[in-house]
Each structure stands twice: as structure tokens, then as C-alpha cells.
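The values are calculated or read from the model by the stated rules, or taken from the named source; none is laboratory data. These numbers were taken from a predicted model, which means no experiment stands behind them. Because the Cβ atoms are built from the backbone with ideal geometry, glycine has one as well, and the counts that use them run over all protein chains shown.
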Amino acid sequence: MIDKRTIYAMEPMLPSKLDKELEDLAFKLISRSNILTNQLHKITLETIGDLVRSMNCYYSNLIEGHNTHPVDIERALNGDYSQNIEKRNLQLEAFAHIEVQRLIDNNFLEDTHLGTVAKGASIISADYLSLIHRHFYERLPKELQWVEDPKTKKKLKVNPGKFRQRDVQVGSHVGTVVKRASSRLRRTNDRSALGVHEDHEDDENAEIGVWQQSHDSKSTSFNSFLYA
């Protein structure tokens, strides 16, 4: 039995190379998508993209317990914000969500700290995910840049683009333990983007020591998933 605490509990991340049925289905999907794309006007494609981004925003925020009605999302996109502070903050969150998604879709996600554009970078690499997180959180109102520890009820500041330094739980979802988050992210990137089958167990063991040092220093960084 595979120990759920090890990196191997995530495998397999990709379908078997011998699974020709899935490969054929993927090829058909890509081919038909390209045919449909070539039949639509550019304005129609852009409109569909805007609609899908709004839809993704609604459901993504709903999962987090932020119920921003699609009408309020549309109003936010048109600069029409509620006078109610809580509702307005949710609208600003939705606007930030859609704006950053549009930057990703158009390969315009710029690293303002390094002066580079993340073109061609793997979207599941640690650097790219940090970039997404930073762009998103820097656009949020200050009230939404804090989270609450469900156990201690302590308010904790979210650090844009930074890995969290403590274990987290969001509803029934329990995030990867912090001492293994970095190595599992690298494993996912290697297997999905590069197809590398190397063993990163040593990376996990090394990170345990790093986590223990951070844990002993009582770091207060916290967030829903990988970053805080």
C-alpha cells in the first residue's frame, strides 16, 4: 500500500502512453475545436471568452464561499459597484479574478518585479503560480487580503506570491501538508510538463527540515491552498 504522505500518492498524474483511445479522443477534441475556431468571427470568439471567464469566476468564488451573483459580476466589469462594502469587495474580487484570467489567456502576465513576461512558462510551475497569485492578490481590496484560521479564529495576512508556511483546511478540503507542498508541486510540473519520471523523494526529506525550522519560528503565513 502506498503511504499517502509520500509523493507517490499523487501518481499516476498522466494517462498511460499505451492508452490510444484517450489519445484519439484528445486529437478529435483539438481538431474539432480548431475547426470551430476558424468558423467564428474574432469578435464572437472574444465575447465567448469574456462569458467563460465570468462563468469560471462565479463558480470558483462560490467554491470559496463567496457568492457573487453573475449580475453583480457584470456590473463590476462595467464599473458599477455596490454601496454595501461587503458586496462591493466581492465585486472587486470578481473583477480581479477576471482581469488576471484575461492576462493569462493573452500571455500578458508580466512579472513587474523582474521585468519579464511569463511567456512559454509552464502554467503549473512554482514561478508561474506565484506570479498568478501575486497579480491576483495585489488587486484585491485590503479587507480580502486577510484570512481567518478556522481553529484559532486568528486573522492572518496573505502574502501575495509567497508559499504558505502552515497547514490549511478550506471547508472539507485539506491542503497538502506544508512540508511536502514544494516537492509535490515540482513533481506535478515535471510529470505533466516535461514527462520526467525521476524520484523527488529526497527533495521531500530535505524540505521536512526546512518546514520544521519555519514551524519552530511560529510563522503566521496562511492561505487557502499553496500560497500565503
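Observations
- Subset of the range 55-69 (residues that are within 19 Å of H173 (Cα to Cα) and either in contact with a Gly (Cβ under 8 Å, 6 or more places away or on another chain) or touching a residue at least 40 places away in the same chain (Cβ under 8 Å) (or both)): E64, G65
- Scanning the range 128-169 for residues that are touching a residue at least 40 places away in the same chain (Cβ under 8 Å), under 22 Å from A94 (Cβ atoms) and of a type in the set (V, I, T) gives V147, V158.
- Across the range 164-183, the qualifying residues are those that are in a loop (DSSP other than H, G, I, E, B) and among the hydroxyl-bearing types (S, T, Y), and the one among them that is modelled with the lowest pLDDT is S172.
- Looking across the range 68-91, the residues that are of a type in the set (A, V, I, L, M) and either closer than 19 Å to V52 by Cα or surrounded by 13 or more Cβ atoms within 10 Å (Cβ to Cβ) (or both) come down to V71, I73, A76, L77, L90.
- The range 10-52, residues that are in contact with a helix residue (DSSP H, G or I) (Cβ under 9 Å, 6 or more places away or on another chain) and either acidic (D, E) or modelled with pLDDT under 85 (or both): M10, E11, P12, M13, L14, P15, S16, K17, D50
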